[in-house]
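Student: Please find one structure pasted underneath; my questions will follow.
All of the numbers you see were taken from the coordinates with simple rules; none came from a lab. Here the structure is a predicted model, which means the values were calculated and not measured. For neighbour counting, all protein chains shown are included, and Cβ atoms are generated from backbone atoms with ideal geometry for every residue, glycine included.
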Amino acid sequence: MRSNRIRILVLLVWGSAIAGRAQTRTEPQPPSVSGKLSLITKSGDLKPARLAEVFLLPGGSKDSPAAQYLEALKKKADAYSKEIANRGEYSDVIDCQAVIIAKDTAHETMASLKESQFQGVRADEEGLFRFSAVEPKAYLLIAFGRAGLNEAYWQETTVVKSGENVALKLPSPLASCFMNPE
């Protein structure tokens with residue numbers, strides 16, 4: 001009789017422990033996109049993109065926010081290229097203009113979109129950024145900021161899969177230019 005009580009007691013304790021574990025299970029967290037923006041200088045130093053603006057634009061279709069941005073950027077870049085070709089000159093100013101065109105186009109594109117159509121964050125002092133609760137799909141990440149004495153523009157495509165976090169390292173901007181501190 002006593003052994004039956006012990007068995008029942010053990011079963012109750014064991015059953016409540018299993019039930020407690022089942023109740024504390026958490027739902028899987030939505031994926032995130034995080035990364036670090038930096039620039040390798042001509043002297044080989046790695047400079048973080050402090051407080052850079054970072055945007056995550058959904059892609060994957062012809063009318064997606066990423067496609068809208070890239071189309072607008074292509075039009076402006078083509079127009080600027082024609083202007084430079086007509087002048088017949090090249091200088092470091094062109095690289096700076098490329099950064100400015102990309103940044104201006106991004107701001108114009110974001111202004112034309114609903115807030116729900118993109119995400120934006122500011123990188124920290126070390127160039128680190130994070131987007132939480134990202135839906136699984138293709139994205140275009142664009143960023144603008146200063147790394148050391150360089151203004152720079154980063155661009156990267158990525159695909160977020162269900163249940164997987166994406167970590168990006170972006171040490172080489174698509175365009176950059178040295179900004180004289182004087």
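Student: I'd like to compare 146-159, 112-125: which one has the highest average count of other Cβ atoms within 10 Å, and what's the full order after that?
Tutor: Highest to lowest by the protection proxy: 146-159, 112-125.
Student: I want to check a number: in the stretch 100-179, how many lysine pairs have alpha carbons closer than 22 Å, given a sequence separation of 8 or more or different chains?
Tutor: Lysine pairs meeting the criterion: 6.
Student: Give the separation of the Cα centroids, the stretch 118-159 to the stretch 53-117, in Å.
Tutor: Cα centres, the stretch 118-159 to the stretch 53-117: 15 Å.
Student: Net charge around residue 106, counting only other residues with Cβ within less than 12 Å of its Cβ (Lys, Arg = +1; Asp, Glu = -1)?
Tutor: Net of charged neighbours comes to -1.
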